[in-house]
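Enquirer: Below you will find the structure I want to go over with you.
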Amino acid sequence: ELARLIILNYSPDISGGKEKMLSLLFDMNQLWEEFVLKELRNYISEHKSSYEVLGQDSKSFIGSHTLRPDIVLRNEKGEQIIIDTKWKVPYNRSASVADLRQMYAYGRYWDAEKVMLLYPGEKGQSTNFSEYDTDDYSLKGDEVNEQNHLCRLGYVSVLNDGVLSNNLGKDVFDLLEIN
């Protein structure tokens, strides 16, 4: 039945009609996250990057609660970058305070210098990395080091000339300013 509706080019309409339609719903947040994750993994494998890509990397937080960023990039030195994908348009091109706090927590807990909220959109909309105004410290072995956390709102194009972009992995790496 679904194939027939597709072949006949039927589409759902808000007004009532004679044809019964089947609607398909997708969790676009999850779909966007998976798409970005797969594109990053493809880009890294093709370019033999020193980064590994982890999806939904989890760390215990309080009790049975965990912190689980969408994507963690980790290189051979143990440096980490956090990406949180968002399938929404931020109000006034500014992230919500809740999203910024979430990214700060991820950066602090994963000891990541860079964190990015990643939205679908035009690359030119992206902000520069900005430093959180905090006095954080990181413990590396027996050394205590000042830790700066940089956050940015990144935008990447999902489509290129009407088809899915095949440059998304590279575009994300460019936004993260990774060589």
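Enquirer: Of all residues in region 8-43, how many are of a type in the set (D, E, K, R) and at pLDDT 90 or above? If you could, list the steps in order and put the result at the bottom.
Expert: Here is the first cut: in region 8-43, the residues of a type in the set (D, E, K, R) are 13, 18-20, 27, 33-34, 38-39, 41.
Subsequent filtering for residues that are at pLDDT 90 or above retains 33-34, 38-39, 41.
Final tally of qualifying residues: 5.
Enquirer: Among (1) assigned to a helix (DSSP H, G or I); (2) open to solvent by 90 Å² or more (accessible area, probe 1.4 Å); (3) modelled with pLDDT under 90, where does LEU5 come up short?
Expert: Status for LEU5: all satisfied but (2).
Enquirer: Something else about it: Checking the condition open to solvent by less than 30 Å² (accessible area, probe 1.4 Å), among the hydrophobic types (A, V, I, L, M, F, W, C), at pLDDT 80 or above and touching a Cys at 6+ places or on another chain (Cβ under 6 Å), which residue from VAL156, VAL172, VAL115 passes?
Expert: Exactly one residue qualifies, and that residue is VAL115.
Enquirer: If you don't mind, there's one more thing I want to ask. Mind listing whichever residues of region 158-170 are under 17 Å from GLY124 (Cβ atoms) and within 12 Å of the chain's Cα centre (by Cα)?
Expert: If the condition is that a residue be under 17 Å from GLY124 (Cβ atoms) and within 12 Å of the chain's Cα centre (by Cα), then LEU168 is the only one that fits.
Enquirer: I'd like to verify a number: residues in region 27-55 that are among the aliphatic types (A, V, I, L, M) and farther than 18 Å from ILE81 by Cβ, how many?
Expert: Number of matching residues: 2.
Enquirer: Let me ask another. Could you say whether any residue in region 44-52 is touching a Leu at 6+ places or on another chain (Cβ under 7 Å), over 22 Å from GLU122 (Cβ atoms), among the small types (Gly, Ala, Ser) and modelled with pLDDT of 85 or more?
Expert: No.
Enquirer: Let me ask you something else. Of the residues that sit in region 128-146 and are under 19 Å from ASP84 (Cβ atoms) and either in a strand (DSSP E or B) or modelled with pLDDT of 85 or more (or both), which one is most open to solvent (accessible area, probe 1.4 Å)? Let's see the steps before the verdict.
Expert: Within region 128-146, the subset under 19 Å from ASP84 (Cβ atoms) is 128-132, 134, 136.
Those still in the list that are either in a strand (DSSP E or B) or modelled with pLDDT of 85 or more (or both) too: 130-131, 136.
Values: SER130: 69, GLU131: 100, ASP136: 16 Å².
Result: GLU131.
The values are calculated or read from the model by the stated rules, or taken from the named source; none is laboratory data. These figures come from a predicted structure and were not determined experimentally. We place every Cβ from the backbone using ideal geometry, glycine too, and count neighbours over all the protein chains shown. Heavy atoms of the whole protein, side chains included, go into the accessibility calculation; ligands, DNA and RNA do not. Shrake-Rupley method; radii C 1.70, N 1.55, O 1.52, S 1.80 Å.
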